[in-house]
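For reference, the structure discussed in these notes is given below.
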Amino acid sequence: MRSGPTKKILVTGGAGFLGSHLCERLLGEGHEVLCVDNFFTGSRKNIVHLLSHPNFELKRHDVTFPLYVEVDEIYNLACPASPVHYQFDPVQTTKTSVIGAINMLGLAKRVKARILQASTSEVYGDPEVHPQAETYWGRVNPIGFRSCYDEGKRCAETLFFDYQRQHGVAIRVARIFNTYGPRMQPNDGRVVSNMILQALRNEDITLYGDGLQTRSFCYVDDLVEGLIRLMNAGPDVSGPINLGNPGEFTIRQLAETIVDLSRSRSRLTFRPLPPDDPRQRKPDITLAKDLLAWTPTVALREGLGRTMSYFEAFTRDESRGRSG
Ligand code: NAD
Ligand code: UDP
Ligand code: UDP
């Protein structure tokens, strides 16, 4: 199924978790896809099944350096997304968000491409407003461990809106809330991948803090659908627009659901809460419903089941590797 004429589409961060699903979906719609990635957190494995596709091209490149290509649309997803990875080299994280945005916006300006930024619910920080609507300006620590990511993404949003106002670039800004699904990296410390792997290995499930903090979890296919709808919306729709599943769960509820689904013998164990960990998070998606006619369709248990199947295959390969 194709949503319109065939386009040349650049996906930065295309070898990552979300990017690989997006590339797959865009190819499925008949577009030409140029995937640009420096493989910091992404991997060839995520896109190996696309390499032989005649409309797919892969380029190893770091978006903090200029990029000269000819494209019609740009999805700017390049940036490590999990706290473990974005805090590994925080200066590079800020550079990726800020200099990466400048380069991709410069490219969009030159070739007159529409450009979508993968922003984040982290721009709301540890919010005093619940649920979070796009009108809320956020409560972000500018000097903490999470700041390289949060402030980098906030500055990227500023750049997007300034390129729109100053240079007339056609922009789209999506504020993505916690998303999960197959191809999440097993070692990136995010809660869904951590807990599924712990459950499958019958290891203790690690709850940080009291486990009563909340998150809203969106299945990857729903999210990709939202990104594509936002990119293809009418010219007045720049965003920012929240994309996420408004179902809100405590981390403890998530752990219990995963143990139940996997019939695991794992027990819950408590660890210290990382600094600046937001207490609650739930998107207000009224705008996405109204402007994009978008709403998530995959319930948490269903999405966790699909993700678990992926990780089951992963742990099988892992144990085969160990014994062989
Ligand atoms: P990911 O880490 O799997 O993917 C990020 C990709 O960007 C990786 O392939 C990585 O190698 C690449 N990359 C990093 N720095 C780069 C650079 N300087 N140049 C080129 N490529 C670079 O993460 P993800 O979950 O797929 O996230 C994709 C985007 O969505 C990110 O921008 C992230 O901030 C945003 N986002 C994700 C979530 C989520 O829950 N997954 C939530 C909010 C926002
Ligand atoms: N840029 C790029 N690809 C392009 C055009 C520009 O990577 O096709 C980079 C360029 O290196 C510059 C940045 O984007 O640093 C911003 O470009 P812009 O034209 O806005 O600013 P200027 O070149 O005037 O600094
Ligand atoms: N978390 C947890 N156990 C884990 C990993 C994470 O309790 O093994 C918690 C973490 O402290 C946070 C929530 O789960 O409150 C979501 O963490 P994640 O790193 O997935 O995303 P983010 O904090 O960026 O929303």
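Below, the figures for the structure above:
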| read-out | value |
| --- | --- |
| Qualifying residue in region 60-76 (condition: touching a Phe, Trp or Tyr at 6+ places or on another chain (Cβ under 7 Å), at pLDDT 95 or above and outside any helix (DSSP H, G or I)) | yes |
| Unique match (being surrounded by fewer than 19 Cβ atoms within 10 Å (Cβ to Cβ) and either free of Cβ contacts under 8 Å to residues at least 60 places away in the same chain or on the phi > 0 side of the Ramachandran plot (or both)) among 162, 221 | 162 |
| Residue that is within 16 Å of ligand 3 (Cβ to nearest atom) and either under 18 Å from the mean Cα position of the chain (by Cα) or of a type outside the set (S, T, N, Q) (or both), where the choices are 113, 81, 108 | 81 |
| Residue among 186, 127 that alone is assigned to a loop (DSSP other than H, G, I, E, B), touching a strand residue (DSSP E or B) at 6+ places or on another chain (Cβ under 9 Å) and within 16 Å of ligand 3 (Cβ to nearest atom) | 127 |
| Options 293, 255, 288: the member that is more than 22 Å from residue 209 (Cβ to Cβ), surrounded by 12 or more Cβ atoms within 10 Å (Cβ to Cβ), under 22 Å from the mean Cα position of the chain (by Cα) and of a type in the set (A, V, I, L, M) | 288 |
| Those residues of region 235-279 which are in a loop (DSSP other than H, G, I, E, B), touching a helix residue (DSSP H, G or I) at 6+ places or on another chain (Cβ under 9 Å) and closer than 24 Å to residue 12 by Cβ, in sequence order | 237, 238, 239, 240, 244 |
| Odd one out for residue 107, checked against (1) surrounded by 21 or more Cβ atoms within 10 Å (Cβ to Cβ); (2) within 9 Å of ligand 1 (Cβ to nearest atom) | (2) |
| Qualifying residue in region 172-180 (condition: of a type in the set (Phe, Trp, Tyr) and within 22 Å of residue 23 (Cβ to Cβ)) | yes |
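Residue-by-condition table, conditions (1) within 12 Å of ligand 3 (Cβ to nearest atom); (2) of a type in the set (A, V, I, L, M, F, W, C); (3) out of contact with any Pro (no Cβ under 7 Å at 6 or more places or on another chain):
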| site | (1), (2), (3) |
| --- | --- |
| 236 | no, no, yes |
| 250 | yes, no, yes |
| 253 | yes, no, yes |
| 258 | yes, yes, yes |
| 262 | no, no, yes |
| 270 | yes, yes, yes |
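The values are calculated or read from the model by the stated rules, or taken from the named source; none is laboratory data. Computed from a predicted structure; not experimentally measured. We place every Cβ from the backbone using ideal geometry, glycine too, and count neighbours over all the protein chains shown.
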